[in-house]
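What follows is one structure encoded as structure tokens, with my remarks underneath.
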Amino acid sequence: MAKDTSVGSKILIVDDEVNLLESLGDLLSRKGYDVATAQDGTEAMARLDYERFQVMIVDLRMPGMSGLELLEKVRAESPETGVLILTAYGSIKSAVTAVKMGAYDYICKPFMPDEILGAIGNIVEQQRLFHEYEYEFENLIGKHRSMREVYRLINQVSKTNCTVLVLGESGTGKELVAYAIHHNSDRRNKPFIKVSCAALPEGVLESEMFGHERGAFTNAYYRRKGRFELADGGTLLLDEIGDMPLSTQVKLLRVLQEREFERVGGNETIEVDVRIIATTNKDLDGAVNEEKFREDLYYRLSVVPIRLPSLRERKGDVPLLVGHFLKKFSEKNNKRVSNLSKDVMDLLMAYDWPGNVRELENVMERAVVLTKGDTITPYNLPGHLRDSSGNISLWVQSKSLQGAEKQLLSWVLAKTNWNVKKAASVLKISRGTLYSKMKKLNLQKPEK
């Protein structure tokens, strides 16, 4: 049986089949949901201008705006809405694409009542949990499924003392995750100490971690406590653990196993009660295979691994982050910047963000500082971001106009990894026009 769900959750059903709208609407209304309907994507987007829904049920194939196009718009306009795709058996490949674009799941027609009720119940429950986590982990912004999994893991591991390994590219917010774990644990009133394993030379790092006795080395004029001692009772963050020298890894392994160590140049064994959280942007599996990282230490550290997604993997969170940074930097700089032009949001959504959330944060601060009015325009963005669509320069081999057009479109589609939105932006034409040209010229993404 489908599990019970939150009464009063608002659901929008979008389908061109009137019979389905009526029958599914009646079913959901009887279960206590607040149901609205739309017969196409344009009507659905019009409703989103003045109303917000917890769940949208969207048919994949509709006249005019397709389900995939509607999904893309919903992810940009209302990223908190969970989208459930309805599809015929023959369109499963497109439905899988929809899930990759941010849809919660897809259901094949015809479906059983319990099947769709169960899927909706799962979306509503995850949203309920997310809002709980959003309150607790307010410095972490994002509603993508991958971020909800991060929040779930933070909530679970915070109640324990286990060692955690946070994985992710630079700029994804690994330190924020570490602090959220500490802040929501029983150690919250104890120290949260950080040591950067990448910023310090080998000898200095060892002294920084374990401390040293007077006279242990040149210029060691006094005894100094290390980060492990300073973090006693609390949490120690080992930032960028993948850069730690092998000699120091051996000593760290002993501390993880025995919870004791000696200061550099000392004989006294010191016991500590410390919770370890490590972060890295390196591929530790590969480092282990290359014998650059100890396998036994790797397994000690990765009791619970938490992987942070890159920003390009959760593009639907960009509008949410933009709103957060817009408010933050407007207040910080005593400015009243409250809007972005549509061109700016299109540029932000099209960019791949190699520097992740940190890069987006820097871009938004710059934009707020430079704008003269209340609206950010493309001129307030860095040049590389304004030009992210790229300049086209290629040798056209065909002498016919149609052949040259086909070569140009093929080249741009390949350069944008067959992302039609990006390709259309580069070519400065609409996606509809590009789709028509692709069909006319028989351009199809090559099978892998």
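FRET efficiency for the residue 47 to residue 404 pair, using the beta carbon distance and R₀ = 45 Å, is estimated at 0.55. According to the square roots a ≥ b ≥ c of the eigenvalues of the Cα gyration tensor, what is the shape class of the range 401-440, taking rounded for a/c under 1.5, prolate for a/b larger than b/c otherwise, and oblate for the remainder? Judged from the Cα gyration tensor, the range 401-440 comes out oblate (a/c at least 1.5, b/c at or above a/b).
Label positions at residue 296 and residue 283, each projected 7 Å from the Cα along the C-beta direction, are separated by 2.6 nm. Exposed loop sites here mean GluC sites (Glu not before Pro) with a DSSP loop assignment and at most 13 other beta-carbon atoms within 10 Å; the chain contains its longest site-free run at 292-446. Across all directions, the average projected area of the convex hull around the alpha carbons of the range 10-132 is 7.0 nm². As a test of the formula, what do you get for the chain when each DSSP H run with n ≥ 4 contributes -39,500 (n - 2.57) and the sum is divided by the residue count, at 222 nm and rounded to the nearest 500 deg cm²/dmol? Counting only the DSSP helices, I get -13500 deg cm²/dmol.
Rounded to the nearest Hz, the phi-derived 3J(HN,Hα) couplings of the range 431-436 under the Karplus curve 6.51 cos²θ - 1.76 cosθ + 1.60 (θ = phi - 60°) are 4, x, 5, 5, 4, 5, where x marks glycine and proline.
In this structure, residue 431 and residue 108 have a Cβ-Cβ separation that, at R0 = 30 Å, corresponds to a calculated FRET efficiency of about 0.65. Its alpha carbons considered, the chain gives a radius of gyration followed by a Dmax of 26.5, 85 Å. Once both labels are positioned 7 Å from their Cα atoms along Cα-to-Cβ, the gap between residue 379 and residue 188 label points is 4.8 nm. Ranking 266, 112, 344 by how far each Cα lies toward the positive end of the dipole of the chain (charges on Cβ) leaves 344 at the top. In sequence order, the range 28-44 has phi-based couplings of 5, 5, 5, 8, x, 7, 8, 10, 10, 10, 8, 9, 7, x, 5, 5, 5 Hz under the Karplus curve 6.51 cos²θ - 1.76 cosθ + 1.60, θ = phi - 60°, and Gly or Pro positions carry x.
With the charge dipole of the chain set up from +1 on Lys and Arg Cβ and -1 on Asp and Glu Cβ about the Cα centre, the Cα lying farthest toward the positive end among the listed residues 102, 356, 157 is that of 356. Taken about its Cα centre, the chain carries a charge dipole of about 1200 debye when Lys and Arg each add +1 at the Cβ and Asp and Glu each add -1 at the Cβ. The packing ranking of peptides 177-186, 431-440, highest mean first, is 177-186, 431-440, where packing means the average number of other beta carbon atoms within 10 angstrom of each residue. Can you tell me how the range 312-386 classifies by the Cα gyration tensor, rounded, prolate or oblate, using a/c under 1.5 as the rounded cut? Judged from the Cα gyration tensor, the range 312-386 comes out prolate (a/c at least 1.5, a/b above b/c).
A short reminder: the numbers here are calculations on the coordinates, not readings from a lab. On a predicted model such as this, the values are computed, not experimentally measured, just so you know. Ideal geometry is used to build each Cβ from the backbone, glycine not excepted, and the neighbour counts take in all protein chains shown.
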